[in-house]
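Below is one structure, written out as structure tokens; comments come after it.
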Amino acid sequence: MLALCTWQIAAHGPLRGYDERLGRAIAGSALPSPVAEFLADLGNTAVAVPVLAVALGWAAWCARRAEEPRWWLPPLAAAVAMAAVPALVVPFKALIDRPGPPGPLADETGFFPSGHAATAAVAYGAAALLLHPLLRPRLRRPLLVAVAVLNLAVAAGLVRRGYHWPLDTVASWCLSGLLLWTVLRVGRLSHSGP
């Protein structure tokens, strides 16, 4: 999916045209601007990274207290995944150099993929993966649903405010999915035998 989005945006394919029409429709939607701005701001590192930091600390403390032999591995994997976001997104932005949607950043380029959407997806997603095994079973599914809804809301805010096109956020989710899959795998490895 990431390769398809990247190819269509870079090659000015038909999907790019649909994406830009959808982006203009969302930007003109009835979602109030202050609400959209608040939702977009949830993808800022100043908001998302502290949430992840709290989850990292809590997961490490609980695993250490439970005397797990590799208690440090899942929090480390989540921290590395978060650090990988700008390392992956910035080169993509420079390579594709996509112009921004009509709005406050219309004269700028480098919008594909969305760093804010990737930050939100990795920070909140990794926090959920770290907290998931620590929660009561009845709270686990609502946590995952809340993270998914939160990421959709961030994307809606980014597009509504004219900070990104829809496919910018979809590409970020694809990229983030790879990072979160790695966090999940490392977490499972840390709980397996020595």
Could you tell me whether P74 is within 24 Å of A156 (Cα to Cα) and of a type outside the set (A, V, I, L, M, F, W, C)? no
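Residue by residue, here is whether (1) of a type outside the set (S, T, N, Q); (2) open to solvent by less than 40 Å² (accessible area, probe 1.4 Å); (3) within 30 Å of R188 (Cα to Cα) holds:
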site	(1), (2), (3)
L22	yes, no, no
N44	no, no, yes
V49	yes, no, yes
A63	yes, yes, yes
V80	yes, no, yes
A83	yes, no, yes
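Looking at the range 85-115 only, could you name the residues that are basic (K, R) and surrounded by fewer than 20 Cβ atoms within 10 Å (Cβ to Cβ)? Steps first, please.
Filtering the range 85-115 down to residues basic (K, R) leaves 93, 98.
Passing the criteria: only K93.
Residues that are more than 21 Å from A79 (Cβ to Cβ), of a type in the set (A, V, I, L, M, F, W, C) and in contact with a helix residue (DSSP H, G or I) (Cβ under 7 Å, 6 or more places away or on another chain): does the range 181-188 have at least one?
No: zero hits.
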Within the range 120-139, is even one residue part of a helix (DSSP H, G or I), open to solvent by 70 Å² or more (accessible area, probe 1.4 Å) and touching a helix residue (DSSP H, G or I) at 6+ places or on another chain (Cβ under 7 Å)? yes
Answer yes or no: is there a residue in the range 183-194 that is of a type in the set (V, I, T), in a helix (DSSP H, G or I) and either open to solvent by less than 40 Å² (accessible area, probe 1.4 Å) or more than 30 Å from E67 (Cα to Cα) (or both). yes
All but one of (1) among the aromatic types (F, W, Y); (2) in contact (Cβ under 8 Å) with a residue 12 or more places away in the chain; (3) more than 30 Å from D107 (Cβ to Cβ) hold for W181; which doesn't? (2)
Mind listing whichever residues of the range 148-163 are under 14 Å from the mean Cα position of the chain (by Cα) and surrounded by 21 or more Cβ atoms within 10 Å (Cβ to Cβ)? N151, V154, A155, G157, L158
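The values are calculated or read from the model by the stated rules, or taken from the named source; none is laboratory data. Small disclaimer: the values here were computed from a predicted structure and weren't measured. Counting neighbours? That spans all protein chains shown, and the Cβs are built from the backbone with ideal geometry, glycine included. When the accessible area is computed, the model is the full protein with side chains, heavy atoms only, and any ligands, DNA or RNA have been set aside. Shrake-Rupley method; radii C 1.70, N 1.55, O 1.52, S 1.80 Å.
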